[in-house]
Amino acid sequence: MRSADACYRWLMDRAGGEADPFDLHVAAAILSLAWAEAAAGRGSLPLCAGLDGAALEGLALRLFPDAWAGMAALADGPAALEEDEQAVRDLLWMYADGGTPLQRDLAAMIARRCSRPNHLWQDLGLRDRGELSSLMRRHFGGLARRNSQDMKWKKFLFRMICRSEGFTLCTAPVCTECDDFDHCFGAEDGEAMMAHLRSGRPAPIP
């Protein structure tokens, strides 16, 4: 099973428990895109998803209990962390509403997918930016409220980290006076990664 679309359908067919349908969709989208990357030789499933084997097992058993037997052989190994990625994880976890196991896993997966080259919603396998906004409001509400000007999420997350570390990300007095405004706030149009892969074209390589 190599296609992200096939992985997504396979996971959703094996969903169980009382998980929210939107949470199931988000988790399946991220995992299936990571799974397709792993199948294409771009790293192990833990490296592509951002969760080590134990965390993958916990997530699968909570959301997709009938899928774990088919995932276990792919889930061996660590999910090595870079310093920047750890900072994104920590930021998201600090704003997690309730501090649930799912939110911890989402923080880890979002942080890993931030290293990919496309818009964050695309690199999470979501259908559009609206789904990413819904995800952030649902699980990281305080952070979503702080992004009141709707800055692009990758830019916003790293700006928050830089401010907490005492760095200055840019010198513009206010965003509306910046010549690079569209780079931070412009539309995030584009094709969903699932649709892109379904068309048979290769995914961009970071």
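The values are calculated or read from the model by the stated rules, or taken from the named source; none is laboratory data. It should be emphasised that the depicted structure is a prediction, and the values quoted were computed from it without experimental measurement. Counting neighbours? That spans all protein chains shown, and the Cβs are built from the backbone with ideal geometry, glycine included. SASA here: full protein model, heavy atoms, side chains in, ligands and nucleic acids out. Shrake-Rupley method; radii C 1.70, N 1.55, O 1.52, S 1.80 Å.
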Among 23-34, 142-153, the order from most to least packed when residues are scored by Cβ within 10 Å on average | 23-34, 142-153
So what are the ³J(HN,Hα) numbers for the stretch 108-122, from phi and the Karplus equation (6.51, -1.76, 1.60; θ = phi - 60°), rounded to whole Hz, Gly and Pro as x?
-> 5, 5, 4, 4, 5, 6, 4, 7, 7, x, 9, 4, 4, 4, 5
Along Cα→Cβ, 7 Å out, is where each label goes; now give me the distance between the ones at Arg42 and Thr100 in nm to one decimal.
-> 2.8
For Arg146 and Ala54, what does the FRET efficiency come to when R0 = 30 Å and r is the distance between their Cβ atoms, rounded to the nearest 0.05?
-> 0.45
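Rg over Rh of the stretch 1-129, using C-alpha atoms and the Kirkwood radius, what does it come to?
That ratio equals 0.92.
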Rounded to one decimal in nm, the spacing of the 7 Å Cα→Cβ label points at Ala19 and Asp66 is 1.4
Spin-label point model (7 Å from Cα, Cβ direction): what's the Ala80 to Ser115 distance in nm?
-> 0.8
May I ask for the net charge around Cys114, where only other residues with Cβ less than 11 Å from the Cβ of Cys114 are counted and Lys, Arg are +1 while Asp, Glu are -1?
-> +2
In Å², nearest 10: area of Asp20 left accessible to a 1.4 Å probe = 50
What does the stretch 30-93 give for Rg and for Dmax, in Å, if only its C-alpha atoms count?
-> 11.9, 34
